[in-house]
Amino acid sequence: EKILATAPEVMNERDAGRLQLRSSALVRIRDAALYIVSITSGMRNDEAIGIETNSWRSESRDGVEYHWIATTEHKTGKGRVEFLVPELTVKVLDLMTRHAKPLQEQLAREIGQLQSSSAEDDTPRRLVPLAKAKRDLHKIFLCLAISGERDAKSYHVDALSCGGSRVAFRRLAKAIGTDWELSPHQCRRTYARNIVESRMGRASLVFLKWQFKHS
């Protein structure tokens with residue numbers, strides 16, 4: 001939360017051209033946001049990193065505010081699903097909308113370059129990256145990945161992967177001075193334990209079955 005509290009100031013520096021997109025300060029914001037989303041929703045990691053722009057909403061029922069995030073559940077093929085989350089989570093996702101915008105814009109330019117390549121060049125080397133880039137365009141957890149050979153390397157925009165998420169979580173743990181190998185799935189287990197030990201009692205298991213999208 002301390003990292004995210006400084007996010008607007010850091011992004012002001014970026015927008016003013018004083019920070020590069022690969023800045024460690026910007027990476028810390030993305031890592032912290034992913035942790036908050038994971039620990040407050042209980043999502044699987046692929047569901048969390050699959051969140052897209054404007055895929056969350058809020059509503060009021062009987063004077064109570066509810067907040068929902070829509071994403072895609074892959075493990076059991078349920079497709080588009082919603083998760084109930086606290087207000088903090090949607091505030092963090094609003095921050096990530098701004099955080100992701102320059103990367104989404106760069107990815108859109110990369111898509112344009114791939115599409116403008118020779119129509120005769122229908123090789124997997126061009127078509128596979130193009131299809132992936134189109135699939136990732138609206139995601140908010142993005143990164144810059146290395147392209148090309150060592151002598152002529154460059155960077156392209158990519159969606160944060162499950163492996164990249166594990167690295168991000170260990171980086172967060174290391175930043176606070178611990179050697180604990182924090183992982184995304186530990187957030188799902190912690191979420192479950194907090195719910196089971198809450199005042200919901202037996203009803204917590206019914207809620208967890210729905211929230212975790214278990215069959």
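The values are calculated or read from the model by the stated rules, or taken from the named source; none is laboratory data. As the structure is a computational prediction, the values presented were derived from the model and not from experiment. For neighbour counting, all protein chains shown are included, and Cβ atoms are generated from backbone atoms with ideal geometry for every residue, glycine included. Keep in mind that these areas ignore ligands, DNA and RNA; they rest on the heavy atoms of the full protein, side chains included. Shrake-Rupley method; radii C 1.70, N 1.55, O 1.52, S 1.80 Å.
Between Arg171 and Ser23, the simple label model (points 7 Å from Cα in the Cβ direction) yields a spacing of 1.5 nm.
Computed over the chain, the P(r) curve from all C-alpha pair distances, binned at 5 Å from the origin, holds 1, 6, 13, 17, 19, 16, 12, 8, 5, 2, 1, 0, 0 percent per bin. Rolling a 1.4 angstrom probe over the protein heavy atoms with all chains in place gives the chain an accessible area of 59 Å² per residue. Each residue of region 104-114 is assigned a 3J(HN,Hα), and the resulting list reads 5, 5, 5, 5, 4, 5, 5, 4, x, 5, 5 Hz, derived from the Karplus form 6.51 cos²θ - 1.76 cosθ + 1.60 (θ = phi - 60°), x at Gly and Pro. Could you work out how far helix 162-175 tilts from the main Cα principal axis of the chain, as a 0 to 90 degree angle to the nearest 10? It works out to around 70 degrees.
These residues, Arg171, Arg199, go from largest to smallest accessible area, 1.4 Å probe, as Arg199, Arg171.
Here the accessible area is traced with a 1.4 Å probe on the protein chains. For the chain, carbon and sulfur cover 52 percent of it. Summarising the label geometry, the points placed 7 Å from Cα in the beta-carbon direction at Lys91 and Val128 lie 4.3 nm from one another.
Ranked by solvent-accessible area (1.4 Å probe, protein heavy atoms only, all chains present), the residues Cys143, Cys187 order from largest to smallest as Cys143, Cys187. Shape summary: region 72-114 maps onto an equivalent ellipsoid whose semi-axes, from the alpha-carbon gyration tensor, are 26, 20, 5 Å in decreasing order. Helical content alone sets the calculated 222 nm signal of the chain at -16500 deg cm²/dmol, taking -39,500 (n - 2.57) per DSSP H segment of four or more residues and averaging over every residue. Once the chain from Leu114 to Arg57 is taken as fully extended at 0.36 nm per residue, the excess over their C-alpha distance is 17.2 nm.
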